[in-house]
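**Student:** Sending over a structure as structure tokens; questions will come in a sec.
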Amino acid sequence: MKNVLVINSSISGDNGHSNKLSKAFLAELGGNIKLTEIDLSAEPLPHLEMAELAAWMTPAAERTAEQQQLADFSDKLIEQVRSADVIVFGVPMYNFGIPSQLKSMLDRLARAGITFKYTETGPVGLLADKPVIVLATRGGIYQGTTADSQTPFLTSFFNFIGLTQLHFVYAEGLNMGEEAAQQALTAARQQLGHLSDKVAA
Ligand SMILES: Cc1cc2nc3c(=O)[nH]c(=O)nc-3n(C[C@H](O)[C@H](O)[C@H](O)COP(=O)(O)O)c2cc1C
């Protein structure tokens, strides 16, 4: 049985196309999975601040109760990522970037000595590699252009912490008329059908 971690970040919640695509992917995977779902819009994380970073730097045995509470945000997320066999990210494009809710989460996944380390030859990711599926939903069309800031950013970020099996599924042109939207969503669902066979194997 595969552990599947779904992390959605659409401010539209269940009406968001990325949430709908993550649901469609789960349906393709079938029932034989252990699912953990995180909705970063329903339960947003605060921005990362110095007090939380200081809590990370303090050895667990020496943390105050408040510091432990702060460190728990990141510790829990890293544990969820570690125990997943497959991770699905719902990633709407907001103002040419990823949702700030998702950025707050990613800020807690990059932990020196835990998810990455620097060596003489450069950074090394410390997470065990696993498939990561990015459901990129966009009002316009950017794939392969310099206006697509999300793909290079997420690729760099995930690679940095050791995740290199990345599958980007794009649903673009969602605000460019009903026909264009339906075509994009149908193509994305088809791609997810193929991917589910691949990652379920
Ligand atoms: C605040 C906001 C900002 C947006 N900015 C962009 C943008 O920069 N580029 C774009 O193509 N679409 C943009 N859109 C449209 C969304 O990408 C589109 O509605 C997409 O379906 C959102 O994903 P979701 O349906 O999963 O929430 C924006 C939408 C919102 C609400």
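The values are calculated or read from the model by the stated rules, or taken from the named source; none is laboratory data. Values in this document were obtained by computation on a predicted structure and should not be read as measured data. Cβ atoms come from the backbone with ideal geometry, glycine included; neighbour counts cover every protein chain shown.
**Student:** If the Cβ limit is 9 Å and pairs must be 6+ apart or interchain, which residue in segment 18-30 that is of a type in the set (F, W, Y) pairs with which residue that is within 16 Å of the ligand (Cβ to nearest atom)?
**Tutor:** Going by the 9 Å Cβ cut-off, the qualifying pairs are F25/V6; F25/V88; F25/I133; F25/L135; F25/V169; F25/R189; F25/L192.
**Student:** Can you tell me which residue within segment 17-60, out of those that are loosely packed, with under 11 Cβ neighbours inside 10 Å, more than 22 Å from T115 (Cα to Cα) and of a type outside the set (S, T, N, Q), is modelled with the lowest pLDDT?
**Tutor:** G31
**Student:** Those residues that are hydroxyl-bearing (S, T, Y) and surrounded by 19 or more Cβ atoms within 10 Å (Cβ to Cβ), I need them from segment 185-201; list them, please.
**Tutor:** S196
**Student:** Restricting attention to segment 160-199, report how many residues are in a loop (DSSP other than H, G, I, E, B) and either away from the ligand (no atom under 11 Å from the Cβ) or under 19 Å from the mean Cα position of the chain (by Cα) (or both).
**Tutor:** Of the residues in segment 160-199, 6 are in a loop (DSSP other than H, G, I, E, B) and either away from the ligand (no atom under 11 Å from the Cβ) or under 19 Å from the mean Cα position of the chain (by Cα) (or both).
**Student:** While we're on this one: Can you give me the number of residues within segment 33-68 that are outside any helix (DSSP H, G or I), polar (S, T, N, Q) and more than 19 Å from V81 (Cα to Cα)?
**Tutor:** Here the count works out to 2.
**Student:** Okay, moving on. Test G97 against the criterion of being exposed (fewer than 15 other Cβ atoms within 10 Å of the Cβ), touching a residue at least 40 places away in the same chain (Cβ under 8 Å) and more than 16 Å from the ligand (Cβ to nearest atom), and give yes or no.
**Tutor:** Spelling it out, it is not the case that G97 is exposed (fewer than 15 other Cβ atoms within 10 Å of the Cβ), touching a residue at least 40 places away in the same chain (Cβ under 8 Å) and more than 16 Å from the ligand (Cβ to nearest atom).
**Student:** Given the conditions (1) under 26 Å from L185 (Cβ atoms); (2) under 15 Å from the mean Cα position of the chain (by Cα), report the number of the one that I78 does not fulfil.
**Tutor:** Going through the list (1) under 26 Å from L185 (Cβ atoms); (2) under 15 Å from the mean Cα position of the chain (by Cα), I78 breaks only (1).
**Student:** Test A128 against the stated conditions and say whether it is touching a Lys or Arg at 6+ places or on another chain (Cβ under 8 Å) and in a loop (DSSP other than H, G, I, E, B).
**Tutor:** It is true that A128 is touching a Lys or Arg at 6+ places or on another chain (Cβ under 8 Å) and in a loop (DSSP other than H, G, I, E, B).
**Student:** A further question on this structure: I'd like the full set of residues that are loosely packed, with under 14 Cβ neighbours inside 10 Å, without any contact (Cβ under 8 Å) to a residue 24 or more places away in the chain and within 14 Å of the ligand (Cβ to nearest atom), limited to segment 145-159.
**Tutor:** Passing the criteria: T145, T146.
**Student:** Which of the residues that make up segment 112-135 are within 16 Å of the ligand (Cβ to nearest atom) and touching a residue at least 60 places away in the same chain (Cβ under 8 Å)?
**Tutor:** I133, L135
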